[in-house]
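So the structure is just underneath, and the comments pick up after that.
The values are calculated or read from the model by the stated rules, or taken from the named source; none is laboratory data. Being a predicted model, the structure only gives us computed values, none of them experimental. Cβ placement follows ideal geometry from the backbone for every residue including glycine, while neighbour counts extend to all protein chains displayed.
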Amino acid sequence: MDQFSCMLYIDTNEVIDAVKGAVYESGKNIFSGMNVSLLVYNNEDFDPSRLNKKPYDFIEASKYYVEIVAEDELDEQVMGFQLRVAALIRQIRSGGRIVTASCDFEDLIISETGWNWTESQPEPPEKAQ
């Protein structure tokens, strides 16, 4: 990983076309003016039996993952890219999905979105109740 890429794991019951629609529509607006690749995939590590188990395992509980890569790695765009990833996470979560980021700037994701998986706080707010 580097400062210009991030993987998002999405825990949802939706079909992949609905997730793609949400990611691509939000991403088009959020990353406007930047050359960014957004690709949504089925997560081959998804294990439905892990959905309600604790501690939460975001990889096994997520049906899908998204690869986000900035195609133009300009030093002056690092913070803008990372803040836009956080904005995309907030937008995707607003649809009731649990989104976990795996990237080199997870501390920023936590401060900007309120939660990301950590060893000390693995439970998403939606499941911690």
request  = Please work out which residue is farthest from residue 23 (Cα to Cα), limiting yourself to the range 76-105 and to residues that are part of a strand (DSSP E or B) and of a type in the set (Gly, Ala, Ser).
outcome  = 102
inquiry  = Any residue at all in the range 56-69 that's in contact with a Leu (Cβ under 8 Å, 6 or more places away or on another chain), hydroxyl-bearing (Ser, Thr, Tyr) and not in a helix (DSSP H, G or I)?
reply    = yes
request  = Just give me the residues in the range 92-113 being buried (at least 17 other Cβ atoms within 10 Å of the Cβ) and either touching a Gly at 6+ places or on another chain (Cβ under 7 Å) or β-branched (Val, Ile, Thr) (or both), in sequence order.
outcome  = 92, 98, 99, 100, 109, 113
task = Mind listing whichever residues of the range 1-50 are closer than 18 Å to residue 91 by Cβ and of a type in the set (D, E, K, R)?
result = 11, 14, 17, 20, 25, 28
Top-ranked residue in the range 114-129 [being touching a residue at least 12 places away in the same chain (Cβ under 8 Å) and either on the phi > 0 side of the Ramachandran plot or under 12 Å from the mean Cα position of the chain (by Cα) (or both); ranked as surrounded by the most Cβ atoms within 10 Å (Cβ to Cβ)] = 116
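Search the range 1-23 for residues being of a type in the set (Val, Ile, Thr) and more than 11 Å from residue 101 (Cβ to Cβ), and hand back the single one that is surrounded by the most Cβ atoms within 10 Å (Cβ to Cβ).
23
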key: Complete set of residues in the range 12-35 that are touching an Asp or Glu at 6+ places or on another chain (Cβ under 9 Å) and modelled with pLDDT of 95 or more   = 22
